[in-house]
Amino acid sequence: MLVLLLVLCGVGVWLFANAADDDPVLPDPKPTRSSSTAAPAPTAEQPGGNNALTARYSSDFAEVCQGGAILNAADYTPGAAKAYVFANSPDRPTRWNTKSVNSTKPYYAKSADYTTVSVVGCLTYVEGSEAQGQKCEIKATDGKKLTVDYLSSRYTLTFHAAKTGEKVADGGTINAPANRCPSFLTYNKETLKSYASPDSGSLDAALDKLLVG
């Protein structure tokens, strides 16, 4: 009886040990849905590249002469455009100042109406073009009398679509004559030089040719 019990116990241990060695049978895993990250949509090319800006003032349109563009400018339509004009100077080549446009012309735009402007004219000083003009006697703010060299020069005029910065036309060469001393002039206090402004009549003619026909 004792022997039989031990035999039975031995069979039980053997069955338990073999059962423990078997790997458990797991259900087949459910197929998982593969996820993929969609490629980002290409960024739309902005007019003027990264240099384009939204104007808040009419003076912001000077950025076009620096290679920029104005996002909220009007679309350029030949023959029906409003224009602003800017010019640099020999002593400040990277600073662009507003030049007056004839207010009787159809392309004239007030400073408050800058979103109607689609063309920017850029008057760029021709390096080395300055020439002697007049010796102008002036009285400084401290009352001291000075002699200022009033110099002539030349500019090249280019026209650009304000919204894209793209050049749309050449306006030719515009002289800045210094035939006579003006009643008011600005000058460099160190060099005692003053530079004449581009000729308004020549500028009007170039604008008429492009924008009026």
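Of the residues L123, L203, which is under 27 Å from V64 (Cβ atoms), open to solvent by less than 60 Å² (accessible area, probe 1.4 Å) and in a helix (DSSP H, G or I)?
L203
Could you list, in sequence order, the residues of region 122-135 that are of a type in the set (G, A, S), in contact with a strand residue (DSSP E or B) (Cβ under 8 Å, 6 or more places away or on another chain) and under 17 Å from P93 (Cβ atoms)?
S129
Evaluate the following for P106: is it in contact (Cβ under 8 Å) with a residue 24 or more places away in the chain, under 22 Å from L185 (Cα atoms) and open to solvent by 40 Å² or more (accessible area, probe 1.4 Å)?
So P106 does not fit the description; no.
Can you work out which of the residues in region 75-98 that are surrounded by fewer than 17 Cβ atoms within 10 Å (Cβ to Cβ) and not in a loop (DSSP other than H, G, I, E, B) is modelled with the lowest pLDDT?
R92
Among (1) at pLDDT 95 or above; (2) within 24 Å of Y107 (Cβ to Cβ), where does V212 come up short?
(1)
Would you mention how many residues in region 169-209 are touching a Ser or Thr at 6+ places or on another chain (Cβ under 7 Å), aliphatic (A, V, I, L, M) and either modelled with pLDDT of 95 or more or closer than 27 Å to F159 by Cα (or both)?
Summing the residues that are touching a Ser or Thr at 6+ places or on another chain (Cβ under 7 Å), aliphatic (A, V, I, L, M) and either modelled with pLDDT of 95 or more or closer than 27 Å to F159 by Cα (or both) in region 169-209 gives 4.
Filter region 136-183 for residues that are part of a loop (DSSP other than H, G, I, E, B), touching a strand residue (DSSP E or B) at 6+ places or on another chain (Cβ under 9 Å) and open to solvent by 30 Å² or more (accessible area, probe 1.4 Å) and give the result.
Passing the criteria: K163, T164, E166, P177, N179, R180, C181, P182.
Looking only at residues that are in a strand (DSSP E or B) and surrounded by fewer than 16 Cβ atoms within 10 Å (Cβ to Cβ) in region 126-135, which one is nearest to the chain's Cα centre (by Cα)?
Here the residue is A131.
May I ask you to verify whether S103 is closer than 22 Å to K209 by Cβ and either of a type outside the set (A, V, I, L, M) or more than 19 Å from the chain's Cα centre (by Cα) (or both)?
The answer is yes for S103.
When you look at L71, is it touching a helix residue (DSSP H, G or I) at 6+ places or on another chain (Cβ under 9 Å) and either open to solvent by 50 Å² or more (accessible area, probe 1.4 Å) or modelled with pLDDT of 95 or more (or both), yes or no?
Spelling it out, it is not the case that L71 is touching a helix residue (DSSP H, G or I) at 6+ places or on another chain (Cβ under 9 Å) and either open to solvent by 50 Å² or more (accessible area, probe 1.4 Å) or modelled with pLDDT of 95 or more (or both).
The values are calculated or read from the model by the stated rules, or taken from the named source; none is laboratory data. This is a predicted model, so every value here is computed, not measured. All Cβ positions, glycine included, derive from the backbone under ideal geometry; neighbour counts span all protein chains shown. Protein only, heavy atoms only, side chains kept; ligands, DNA and RNA dropped before computing areas. Shrake-Rupley method; radii C 1.70, N 1.55, O 1.52, S 1.80 Å.
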